[in-house]
Amino acid sequence: MTGGGRVTGTAAATGTSADDKTDVAAGWVQKAGRGGLVLAICAATGILGLVRLGAKGLWHDEAFSEAMARLDLPTLWAAITGGEAFSGLYYMLLHFWLRWRTARAGCGFRP
């Protein structure tokens with residue numbers, strides 16, 4: 001800006017002042033800083049996930065399904081008819097699949 005309030009140069013062509021350009025540049029720097037933080041969090045999460053990649057873990061529903069399937073047949077049938085009827089067929093199939101798989105491995109089946 002020159003004396004008399006007249007805007008010159010690039011600022012005159014775009015209708016912005018030098019202060020406006022500084023504010024925009026500062027905004028980009030702040031956004032880049034937040035983006036860097038998000039990127040660092042994502043990278044840390046990915047690294048932690050890779051560290052535990054080979055670990056065998058069960059989610060709550062998987063653990064419950066396995067516990068149900070490992071029950072002996074009379075107890076499993078009582079549980080299915082007594083309140084777990086929604087997934088009864090799944091538990092029965094899983095019961096026999098686990099029995100077959102552990103017998104195949106030579107471990108025997110332990111209810």
When you go through (1) outside the structural domain of His95 (by TED's automatic domain parsing); (2) under 23 Å from Trp97 (Cα atoms) one by one for Ala44, which number turns out not to apply? (2)
Look at region 27-79 and say how many of its residues are assigned to a helix (DSSP H, G or I), among the basic types (Lys, Arg) and at pLDDT 90 or above. 0
Looking at region 86-106, which of its residues are surrounded by fewer than 11 Cβ atoms within 10 Å (Cβ to Cβ) and not aromatic (Phe, Trp, Tyr)? Leu89, Arg104, Ala105, Gly106
Which pairs turn up if I take residues in region 82-97 that are small (Gly, Ala, Ser) and look for partners that are assigned to a helix (DSSP H, G or I) and surrounded by 15 or more Cβ atoms within 10 Å (Cβ to Cβ) with beta carbon separation below 7 Å, at least 6 apart in sequence or on another chain? Gly88/Ile80
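The values are calculated or read from the model by the stated rules, or taken from the named source; none is laboratory data. Everything numeric here is computed off the predicted structure, so don't read it as measured data. Cβ atoms come from the backbone with ideal geometry, glycine included; neighbour counts cover every protein chain shown.
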